1. For residue 353, which aspartates and glutamates qualify as cross-link partners when the Cα separation must be under 16 Å and same-chain residues fewer than eight apart are set aside?
2. Given H placed 1.01 Å from N in the peptide plane, which residues other than close sequence neighbours of residue 592 have an amide H under 5 Å from its amide H?
3. Short version: ³J(HN,Hα) in whole Hz for each residue of the range 407-412, in order, from phi by Karplus 6.51 cos²θ - 1.76 cosθ + 1.60 (θ = phi - 60°), x for Gly and Pro, what are they?
4. Determine which residues of the range 66-103 fall in the zone a paramagnetic label at residue 27 would reach in this model, i.e. backbone nitrogen under 15 Å from the point 7 Å along Cα→Cβ.
5. I'd like the FRET efficiency for residue 408 and residue 482, computed as 1/(1 + (r/R0)^6) with the beta carbon distance as r and R0 of 30 Å, rounded to 0.05.
6. Once Rh is set to the Kirkwood radius over Cα pairs, what Stokes-Einstein translational diffusion coefficient, in µm²/s, holds for the range 2-264 at a temperature of 37 °C and a viscosity of 0.692 mPa s?
7. Could I have the simple spin-label model distance between residue 86 and residue 133, label points 7 Å from Cα toward Cβ, reported in nm to one decimal?
8. What are the ³J(HN,Hα) values, in whole Hz, obtained from phi via the Karplus relation 6.51 cos²θ - 1.76 cosθ + 1.60 with θ = phi - 60°, for each residue of the range 109-120 in sequence order, with x given for Gly and Pro?
Amino acid sequence: MAKKTDDNDVIFEARDLRIHAVRDDESELPIVKGVDFKVRRGEVVALIGESGSGKTTISLAALGYCKPGLKFAGGEARLLGQDVTRMSTEELRPVRGEKVAYLAQSAAATFNPSILINEQVTEAPILHGSKTREQADAKALSLYHALELPDPENIGGRYPHQVAGGHLERLMAAMALWGDPELLVLDEPTTALDVTTQIEVLKAFKQVIKKEGAAAIYVTHDLAVVAQVADHIVVLYNGEIKEAGPVETIISKSEHPYTKRLMGAIRPLPEPGQGEDSNQEHMRDVPALEAKSVDAGYGRDSEGKPTTMVLRDVNVAIDRGKTVGIIGESGCGKSTLARVFAGLLPPSDGDLKLDGESIAPDLRNRSREELRKVQFVYQMADTALNPRQRIKDIIGRPLEFYGGLTGDAKNRRLLELLEMVELPPPFAERYPHELSGGQKQRVNLARALAADPEVVLCDEVTSALDTIVGANVIELLKTLRRDTGVSFVFISHDLSTVASFADEIVVLYAGRVAEQGPTDKVLSPPYHPYTRLLISSVPEMRTGWLEDTIASKETITGMSGGVELTDTGCPFFARCPLAIEGTCDTQSPPRRVDGDDHVIECHREVDELLGGG
């Protein structure tokens, strides 16, 4: 009898599931190699592993779907007792969306930018005639409330670009939950989110899954996130299960070497005094790149001033051979600062200096030599690399443009750069689509290094990479910094990664510097209330952390609002647990220096911050 109850409780089961890639010559390459696991009602089962381990391919099998070039080669993927791998497209149509729903990694790419959010969320039931417009709107509103979206009565009347990333992620969940599906497939839904937004989204997902009595397959490479949402973990490598079990067992008592390797790639926040130290041999008397009293924004009024001011009075200096980490939530101005450094967005006020000399704010007015010295590495290597060019042409272009290299000299330097980023020589002949995500990011980096720059601007370069590949890229950047003396501006919402790599940290909030200084000083008390919120929001590798964090004073207050640009007072006022009404909301905060160039902009005295108020 117990067995029967157990079987009725199983929402999805993979039985010896095998998926092959079909080559051009019709031969087959095994991708998923006999995978077995179950997902029961009310459970979240996490599939973890690095890129190429088969996580997404296996999860899509729950929808009876194979990516182009793949085929179901054996075994079963049973959803509510039916093997979806043997169902036709016509048979699968009522299953997808109603019985199983898929949430993609990129919410921004999921929504049509030209259609109102509510129309997209309610499209399926109205299209199929299962709900009237009034019924659909009422159901949508109840989901907005359940997912704790701000201003639920009006958010559906906005366009996707008018909504923050974390809110879009929850709206995508609302769309998926519409048909009351039995199974949710969540594919890296929080990877690109900053730490505070991630907490909100994880909390919302967990509550909705519990309330709706659904089950979920959670695909991710982030073990710390898994510890907060999963009941069971399936560890995958090269299409095979290496280890599986309850979340607490895998996290605390893992036995397989690969699981331990995944654990080892997680970077905890360093203890005071344990930050990364770069050497001093490349140092000079003046910073490699410097921003002094910079204001910048978007749009232009009749006087040529920005209509939306983002950065206000920002002062940042990057010394030769050093790394400055820029951290903050989405909308804080991190990427805007990188665009200012690169000359893509001229500041409306303030000065930029390169090697101690003033530099034109607009890149169109910079000399070729000035352009060479400051290079940009973009977040998404997929969109940054020309898909129609071979790697040798992508890296070769700056060798010609900046170095004037041709022929054998160009080829020798090309191979040196590939070796520098740890890619073998044959990769020169490949196209971007023939490379993994981590390999493409290395090509992206090699192209920047081909200019022999003094400063490399890295904008979220590891956010889309799995834990092990991301850790390898950081180690590569450290080696390049040590060997070449290049400086890095490292922009990220991942505080742990920045802490492991940066000499100094600049904490931006609403376009202003909340705190800056040496890494170990910024990450240990006293710190700005916003820095405290960021640090307390970094997931820990233990179950129960999410609930503990949500209950804390800092998080309750800090999660009560988004980033808002303000002209007066401290922009963090509405979210600050230490706010002084009548002062923080009306006066700009003073700069308080806590020795060793550690600056905190706050109305509270340093002693008050040390005690947390």
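1. Cα-Cα hits under 16 Å: 285, 290, 295, 313, 319, 362, 369, 370, 454.
2. Those qualifying (amide H under 5 Å, at least 5 residues apart or on another chain) are 600, 601, 602.
3. Computed from phi, the couplings for the range 407-412 are x, 4, 4, 5, 5, 4 Hz.
4. Under cut-off, by backbone N: nothing.
5. Details: r = 29 Å, r/R0 = 0.96.
That gives a FRET efficiency of 0.55.
6. Details: Rh = 19.1 Å.
Calculated translational D: 172 µm²/s.
7. Taking the simple label geometry, residue 86 and residue 133 are separated by 4.5 nm.
8. These are the phi-based 3J(HN,Hα) values: 7, 6, 8, 7, x, 9, 10, 4, 4, 4, 5, 6 Hz.
Read-outs throughout are calculated quantities, based only on the coordinates presented, and are distinct from any laboratory measurement. Not measured: the values here are computed from a predicted model. Neighbour counts are summed over all protein chains in view; Cβ atoms, including those assigned to glycine, are modelled from backbone coordinates with ideal geometry.
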